[in-house]
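S.K.: Below are the structure tokens for one structure; questions will follow.
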Amino acid sequence: MANIEAVYAVGNSLVTSLRNRYQLLATKPVGDCGFSLLGSSDLAKEDPDFLGLHPTTLSLFLHRVTINEHARNATQLPSKEYASPPLALDLHFLMTAWSNTALNEQVILAWSMQQLHQHPNLEVASLSPANWQPEDRVQVIPTDLSLEDIMRIWDSLQPSYRLSVAYVARVVLIDPAEDIPGTLPVVSTRFTWTDDPAFAHGAGANE
């Protein structure tokens, strides 16, 4: 399990991994290429600022976060450390190629897909800091989006449609929030029985 920075850490780790692998290539398929993790504000205008940094850019955009369906109804016995199970999330990314030529656009996207196909797992050593535990691992797999879903995403953004593929990163486990003193739930009620006649008739109720 990790802290709430894990959502950002997964996307940042993916971009960093692709960038590092690309820089190690003796022969780069498209020459100067940038790798960027984008937020909503980066796609809020028709000509995003990041496009001026490199002739070709491969971007990753988190467009959706969902509760993992297999963990939705999972239960966990109370422990001394946590009173509730972790939050299990699936992160839905859109990976997009940006270039002025069809060749560079399609080649960098294919290369990135190849890398994720060969290295689908993010181990703790390759994840950006977020209080990960040694057993944590995030799997990144391709997912299908219908043409309607793809166009709905791009219609909500300012840039025109660009060649994209969708991936989902799962399962990202988030630590339960710390309990705030004074707001803990009542977990039991204790009653005391007595044979004292005075209490049997209501006496001493205010004591």
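The values are calculated or read from the model by the stated rules, or taken from the named source; none is laboratory data. This is a predicted model, so every value here is computed, not measured. Because the Cβ atoms are built from the backbone with ideal geometry, glycine has one as well, and the counts that use them run over all protein chains shown.
S.K.: Of all residues in the range 1-57 being in contact with a Phe, Trp or Tyr (Cβ under 8 Å, 6 or more places away or on another chain) and among the basic types (K, R), which is nearest to P85 (Cα to Cα)?
M.R.: Once the filter is applied, the top-ranked residue is R19.
S.K.: While we're looking at this one, here's another question. Within the range 156-172, how many residues are without any contact (Cβ under 8 Å) to a residue 40 or more places away in the chain and over 17 Å from W98 (Cα atoms)?
M.R.: Within the range 156-172, residues that are without any contact (Cβ under 8 Å) to a residue 40 or more places away in the chain and over 17 Å from W98 (Cα atoms) number 1.
S.K.: Hey, V124 hits all of (1) surrounded by 11 or more Cβ atoms within 10 Å (Cβ to Cβ); (2) hydrophobic (A, V, I, L, M, F, W, C); (3) closer than 23 Å to G39 by Cα but one; which does it fall short on?
M.R.: Status for V124: all satisfied but (3).
S.K.: Now for a separate question. Among the residues of the range 88-121, write down those that are part of a strand (DSSP E or B), of a type outside the set (S, T, Y) and either in contact with a Lys or Arg (Cβ under 8 Å, 6 or more places away or on another chain) or more than 20 Å from L38 (Cα to Cα) (or both).
M.R.: Within the range 88-121, A88, L89, D90, L91, H92, A97, W98, N121 meet the criteria.
S.K.: Next question, about the same structure. Considering each of A74, A102, A110, A83 in turn, give the residue that is out of contact with any strand residue (DSSP E or B) (no Cβ under 8 Å at 6 or more places or on another chain) and modelled with pLDDT under 95.
M.R.: Residue meeting the stated conditions: A83.
S.K.: Here is a list of conditions, (1) touching a Leu at 6+ places or on another chain (Cβ under 9 Å); (2) within 24 Å of S160 (Cβ to Cβ); (3) not in a loop (DSSP other than H, G, I, E, B), and Y8 meets all of them except one; can you say which number that is?
M.R.: All conditions are met except number (2).
S.K.: In addition: Looking only at the range 127-143, which residues are farther than 14 Å from G11 by Cα and either surrounded by fewer than 17 Cβ atoms within 10 Å (Cβ to Cβ) or of a type outside the set (D, E, K, R) (or both)?
M.R.: Correct list: N131, W132, Q133, P134, E135, P142, T143.
S.K.: Test K28 against the stated conditions and say whether it is part of a loop (DSSP other than H, G, I, E, B) and modelled with pLDDT of 95 or more.
M.R.: When the stated conditions are applied, K28 passes them.
S.K.: Go through the range 144-166 and give me each residue that's of a type in the set (D, E) and surrounded by 11 or more Cβ atoms within 10 Å (Cβ to Cβ).
M.R.: Result: D149, single match.
S.K.: Right, something else. Need pairs with beta-carbon distance below 6 Å; first residue at positive phi and within the range 124-144, second surrounded by fewer than 18 Cβ atoms within 10 Å (Cβ to Cβ) and part of a loop (DSSP other than H, G, I, E, B); sequence gap 6+ or separate chains.
M.R.: Correct list of pairs: N131/N3.
S.K.: For the range 138-149, name all the residues that are under 13 Å from the mean Cα position of the chain (by Cα) and modelled with pLDDT under 95.
M.R.: Passing the criteria: none in range.
S.K.: Quick one: which residue in L51, L58 is surrounded by 13 or more Cβ atoms within 10 Å (Cβ to Cβ), hydrophobic (A, V, I, L, M, F, W, C), farther than 26 Å from L173 by Cα and at pLDDT below 95?
M.R.: The match here is L51.
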